[in-house]
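Q: I'd like to ask you about the structure that follows.
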Amino acid sequence: FKMCPGRVICKLLCSGEKEVDLAVQSAKAAFKIWSQMSGMERSRVLLEAARIIREQREEIATLETINNGKSIFEARVDIDISWQCLEYYAGLAGSLAGEHVQLPGGSFGYTRREPLGVCVGIGAWNYPFQIACWKSAPALACGNAMVFKPSPFTPVSVVKLAEIFTEAGVPKGLFNVVQGGVATGQFLCHHPDVAKISFTGSVPTGIKIMEMAAKGIKPITLELGGKSPLIIFSDCALENAVNGALMANFLTQGEVCCNGTRVFVERKILDVFTKEVVKRTQKIKVGDPLLEDTRMGALINRPHLDRVQGFIKQAKEQGAQVLCGGDLYVPDDPKLKNGYYMRPCVLGNCTDDMTCVKEEIFGPVMSILPFDTEEEVVERANNTKFGLAGGVFTRDIQKAHRVVAALKAGMCFINNYNISPVELPFGGYKASGFGRENGRAAIEYYSQLKTVCVEMGDVESVF
């Protein structure tokens, strides 16, 4: 593999209505076999898929770096989270069960947890392989089939996952991949044999998917955007808080939905915190993502790079101060000169009404805002249409729990940020979506409950 920034690395045909139907029908046939297998049988197949991913970690990470532009260092972490996700749901597959309820007169009832059928997964371009695993692992563990559509900007690595599932022993067609953009997604959402849709992406697209799903009364999981607050109190461990702010803003070139891009800093430590963040940000190595010491690769494409640059330009016009970065970066290597690189940016002198503070930029841009009191910062942190994540740095553990309890966000961090253990549910409030991925909670969104009431005596008629 070689990095070819700004150049086409492959061409794929978009799946039309006919191809989507073939994929769904193939998945429907595989579902009949898979759904009749025991949880333990499904578990063994998922464990084998996890083993293959672990064994091919370096190859898949390299593929993902070329697919997306993130550093190889980060891509390896993504692949590790992916196989851990499969292992976790393999462990749950054999334990899925209903309950028995005793009723009067020896009668009883019981519940069955049953799969939904053919589920659709629609992924984003920032974590292509990992998102596909986050969606497929619980779906398959519950006995479903899945048709997955990756982003047209990152179509490659999910095909590798389909090959791995096949090698691991899933029935043919159980995990199908279709390629394409809006039209392909519409065919999937409208297909009468699709039972559920799980989407990761932007709010506007999420709204459209919700509208399409409503026409078929299909359950959906939406994992959408965010403009998450990161609150730094003066009693924090400063170095730890600085590390947290970098983690909350610059992973995957800042292209992370749950990033804590509104960094609220208690005024007492504003200057010292800002100085340290700027110093550390300027040291971030940008460039060829396949090099071991690179910590920030290229943004996804030219239109997105231009969009991020537009936000920075607008921020300056509205009175924000660029403390570092924000400019385009041209690596020394001539092979990389056409890459979509920029230096990570820290904005100071920000206010809550600025566009850079209100809108999701989805790039390596941190906005720093001062605050004075806990009550004030909680109110300002919640003053957003989004509610995906939030973070707090403080040594006062009571204050930490008090603040996260007050934050209107689905995923909160105390003295860390952007840690995503597969054991914990992930998802948002408000415009950031609903439903949960990961943890036991995801089982609820990939299965349905059937209640059975058994009468042991004679039926008493009221007629």
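The values are calculated or read from the model by the stated rules, or taken from the named source; none is laboratory data. Worth saying up front: this structure is predicted, and the values here are computed from it rather than measured. Virtual Cβ from ideal backbone geometry, glycine too; neighbours counted across all protein chains shown. For accessibility, only protein heavy atoms count, side chains too; no ligands or nucleic acids. Shrake-Rupley method; radii C 1.70, N 1.55, O 1.52, S 1.80 Å.
Q: Restricting the search to segment 381-406, which residues are under 17 Å from E266 (Cβ atoms), hydrophobic (A, V, I, L, M, F, W, C) and buried (at least 23 other Cβ atoms within 10 Å of the Cβ)?
A: A381, V392, F393, V403, listed by residue number.
Q: Do you know which residues across segment 46-91 are more than 20 Å from the chain's Cα centre (by Cα) and crowded, with 24+ Cβ neighbours inside 10 Å?
A: Those that are more than 20 Å from the chain's Cα centre (by Cα) and crowded, with 24+ Cβ neighbours inside 10 Å: L46, A49.
Q: Among strands (runs of 3 or more DSSP E) lying entirely in segment 301-395, which contain 3 or more residues that are more than 20 Å from V286 (Cα to Cα)?
A: By residue number, 365-371, 389-393.
Q: Could I ask something else about it? Could you please let me know if V118 is more than 17 Å from A441 (Cα to Cα), among the aliphatic types (A, V, I, L, M) and open to solvent by 60 Å² or more (accessible area, probe 1.4 Å)?
A: The answer is no for V118.
Q: Filter segment 76-133 down to the residues that are within 30 Å of D293 (Cα to Cα) and aliphatic (A, V, I, L, M) and list them by number.
A: V77, I79, I81, L86, A124, I131, A132
Q: Check whether at least one residue in segment 248-270 is polar (S, T, N, Q), farther than 18 Å from I414 by Cβ and open to solvent by 50 Å² or more (accessible area, probe 1.4 Å), and report yes or no.
A: The answer is no, given that none of the residues of segment 248-270 is polar (S, T, N, Q), farther than 18 Å from I414 by Cβ and open to solvent by 50 Å² or more (accessible area, probe 1.4 Å).
Q: Additional query: Residue check: is A168 surrounded by fewer than 24 Cβ atoms within 10 Å (Cβ to Cβ) and either touching an Asp or Glu at 6+ places or on another chain (Cβ under 7 Å) or among the aliphatic types (A, V, I, L, M) (or both)?
A: Yes; evaluated as a whole, the condition is true for this residue.
Q: Which residue, of V322, V378, V365, is closer than 16 Å to T261 by Cβ, buried (at least 18 other Cβ atoms within 10 Å of the Cβ) and assigned by the TED database to the domain that holds A406?
A: V365
Q: Consider I217 against the criteria (1) in the same structural domain as W125 (by the TED database); (2) not in a loop (DSSP other than H, G, I, E, B): it satisfies all of them except one. Which criterion is unmet?
A: In the conditions (1) in the same structural domain as W125 (by the TED database); (2) not in a loop (DSSP other than H, G, I, E, B), I217 misses (2) alone.
Q: Do you know which residues across segment 136-161 are over 22 Å from Q36 (Cβ atoms) and either in contact with an Asp or Glu (Cβ under 6 Å, 6 or more places away or on another chain) or in a helix (DSSP H, G or I) (or both)?
A: If the condition is that a residue be over 22 Å from Q36 (Cβ atoms) and either in contact with an Asp or Glu (Cβ under 6 Å, 6 or more places away or on another chain) or in a helix (DSSP H, G or I) (or both), then S157, V158, V159, K160, L161 are the ones that fit.
Q: Provide a single number: the residues in segment 150-165 that are open to solvent by 50 Å² or more (accessible area, probe 1.4 Å) and in contact (Cβ under 8 Å) with a residue 40 or more places away in the chain.
A: 2
Q: If you scan segment 183-226, which residues turn out to be open to solvent by 70 Å² or more (accessible area, probe 1.4 Å) and without any contact (Cβ under 8 Å) to a residue 12 or more places away in the chain?
A: P204, I207, K208, E211, I217
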